[in-house]
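Here's the structure, in structure tokens; my notes come after.
The values are calculated or read from the model by the stated rules, or taken from the named source; none is laboratory data. Nothing here was measured: the structure is a model prediction, and the numbers come from that model. Note that we place each Cβ from the backbone using ideal geometry, even for glycine, and neighbour counts take in every protein chain shown.
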Amino acid sequence: MNSQTTITSTSKKQSTPLPWGQWSIRSIALSYLAVLLIIPLLVILQDGFREGLAEFWRQVTLPIAWHALQLTLWTAAVMTVINTIMGTLTAFVLVRYRFPGKTILNGIIDLPLAIPTLVTGVMLVILFGPQEALGSWLKEQFDFSVIFAPPGIILALLFLTFPFVVRSVQPVLMELDRAQERAAATLGAEGWTIFRRIILPPLTLPVITGALLSFARAIGEFGSIVIVAGNIPFRSLTAAVYVLGEVESENRLGASAVSIVMVAIAFSLLMFADYLRKRSKSSKRETI
Amino acid sequence: MSATNSAHTTLAKVQSPLTDWVDRNKGKLTGGILIMLVVGYVAFLILTPIAALVFGAFEKGFGGILSSLNDPDIFRAFWNTLWISLVVVIIHTIFGTLVAWVFVRHRFPGRDLINGLVDMPFAVSPVVAGYMLLLLFGRNGMLAPVLQSLGIQVAFALPGMVLATLFVTMPFMIRELIPVLEAFDTRQERAAATLGANAWQTFWRVTFPSLRWGMIYGVTLTFARALGEFGAVFVIGGGVQGRTETATLFIFRALDGRQHIAAYSAALVLGLFSLILVLGSDWIRRKGHR
């Protein structure tokens, strides 16, 4: 339908129809994507599997690599749980309550998108570094270290993924019809029951989408983590930092194998988030 | 029986004026607690680290910042960052518009899959992005013989770093423009065409003006992301001091060499730069929509 209208409009413009103009635009756009996106992704697949599946698996399950992947996944998971709860709560407070400084708070949510992740890492080192006041106090009093340890990774990830859940939940919450809540309140439902039974169900999809995006983004994070966590094997070495180490020591197979695992995780998460988004769009259309 | 019961309730009422007050003000109270929780979380997670960076940079006063920033390496590094970001923004503005156009107006097999792939750079690790380019353009890379015979150096040089930044910033322009193009009413274009405008005039005079705000935001996001890119340019560029060192790579090297004030000051300048960029475009957008 759409392409038809463009074709008819071009044929109206000039006496000669110009399908070749549309074709050249399409081929330029697609070759741009192919060169920048698809070819690099295919190259890494080819490189990781060039010695066969067994060798690929051996590289992935090398103790250091395996531990790095596990650390990446569990720190990302902890971050996602905290971020999902606090992000939903933040969106709820921003939509439902009026308080002084609300506009400022709303603006601060997007700050992590504007700050380079490496700078985020530097900030956390200044706060919690072993030579800094707060860092050494935590170490002495509680034997708790943030820097060069998993808590630093989780903090850095929380910082940079904070906007994702908030910005995914906020618009849906704004559009929510409040008549149902009032009806539930008239029928004697308490605040928490109303939240759980009336408000939460339509938020499920955007909350999950935001959580998936934060998790996917966290898997590949490098700039802040390399500053905050360093590269101590079996302690603070994440998958991205491991790949860098293998590239530098010219272990191509190991670098490619772990890279493929990371790309595969990211790809399946994004596809799933995309599927959920489409589903929520079509269900909205049905209700309307 | 009834007497003891009423006595019991009055007793309970007298005993706990606090719970009574809580009962009456339940809505307000939960609201207050939730607001404090969120404000506290944001202050701890986002504002405290930012404040720490400002204090860290000013540890030796304003003079300390100025003297540590007065280093030819820093100028070179910021120059590289700016130059790479500008080239990336120009390329993505042109080709990103084309890609968004094709996704919205054309139907072809594989469109959904490719549309999904556009988001990949958002989740692919920058290190992996740089490494992919190294596999293609590096010393033992697939394209090494071709590049050598042509005498072009991509890896460990600025062209490779531009490519890496292009990969990492791919989704922003396209994702900003697709919804704008989808909302655009094509009847305006047809009307222009009926009035005798050619394809280019129709695009430039009719379609482009309505894309403008989406484009400004796309440019801002691309620019901010390009300024802060680290992992990908590190892997493909190598971070050679004074040559392929960008602002982020300088900060990394300064931290490694324990030049703390220089690292913090450069981080502050870079952070301020992208902050002004994002706030500025927000301001322009709000002014333009009014």
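Look at (1) without any contact (Cβ under 8 Å) to a residue 12 or more places away in the chain; (2) not in a helix (DSSP H, G or I) and you find that B:GLY242 fails only one, number (1). Scanning segment A:106-159 for residues that are at the interface with chain B (Cβ under 8 Å from one of its Cβ atoms) and among the aromatic types (Phe, Trp, Tyr) gives a single hit, A:PHE159. Residues that are over 14 Å from the mean Cα position of the chain (by Cα) and of a type in the set (Asp, Glu) were ranked within segment B:162-190; the one that is modelled with the lowest pLDDT is B:ASP185.
Scanning segment A:175-190 finds no residues that are of a type in the set (Val, Ile, Thr) and within 13 Å of chain B (Cβ to nearest Cβ).
Let's see how each residue does on (1) at pLDDT 90 or above; (2) closer than 30 Å to B:LEU268 by Cβ; (3) out of contact with any His (no Cβ under 6 Å at 6 or more places or on another chain):
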site: A:GLN131; (1), (2), (3): no, yes, yes
site: A:GLU140; (1), (2), (3): no, yes, yes
site: A:ASP143; (1), (2), (3): no, no, yes
site: A:VAL146; (1), (2), (3): no, yes, yes
site: A:PRO151; (1), (2), (3): yes, yes, yes
site: A:LEU176; (1), (2), (3): no, no, yes
site: A:GLN180; (1), (2), (3): no, no, yes
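The sole residue among B:PRO159, B:PRO209 that is over 26 Å from B:ALA77 (Cβ atoms), more than 10 Å from every other protein chain (Cβ to nearest Cβ), out of contact with any Pro (no Cβ under 7 Å at 6 or more places or on another chain) and not polar (S, T, N, Q) is B:PRO209. Restricted to segment B:69-103, and to residues there that are away from every other protein chain (no Cβ under 14 Å) and buried (at least 20 other Cβ atoms within 10 Å of the Cβ), the residue that is farthest from B:THR169 (Cα to Cα) is B:ILE74. Looking at B:GLY141, B:GLY130, B:GLY214, B:GLY160, which is the one that is outside any helix (DSSP H, G or I) and of a type in the set (Gly, Ala, Ser)? From the options B:GLY141, B:GLY130, B:GLY214, B:GLY160, the qualifying one is B:GLY141. Count of segment A:73-116 residues, restricted to those that are in a helix (DSSP H, G or I) and over 15 Å from the mean Cα position of the chain (by Cα), is 20.
Quick test for you: out of B:LEU277, B:LEU272, pick the one residue that is touching a residue at least 12 places away in the same chain (Cβ under 8 Å) and either under 20 Å from B:ALA224 (Cβ atoms) or hydrophobic (A, V, I, L, M, F, W, C) (or both). Result: B:LEU277 is the single residue among B:LEU277, B:LEU272 that is touching a residue at least 12 places away in the same chain (Cβ under 8 Å) and either under 20 Å from B:ALA224 (Cβ atoms) or hydrophobic (A, V, I, L, M, F, W, C) (or both).
Answer yes or no as to whether A:GLY135 is surrounded by 21 or more Cβ atoms within 10 Å (Cβ to Cβ), free of Cβ contacts under 8 Å to residues at least 24 places away in the same chain and not aromatic (Phe, Trp, Tyr). So A:GLY135 passes the test. Filter segment A:226-248 down to the residues that are in contact with a helix residue (DSSP H, G or I) (Cβ under 9 Å, 6 or more places away or on another chain) and outside any helix (DSSP H, G or I), then identify the one that is surrounded by the fewest Cβ atoms within 10 Å (Cβ to Cβ). Checking each candidate, the answer is A:PHE234.
Here B:PHE122, B:PHE108 are screened, and the one residue that is surrounded by fewer than 23 Cβ atoms within 10 Å (Cβ to Cβ), within 12 Å of chain A (Cβ to nearest Cβ) and part of a loop (DSSP other than H, G, I, E, B) is B:PHE108.
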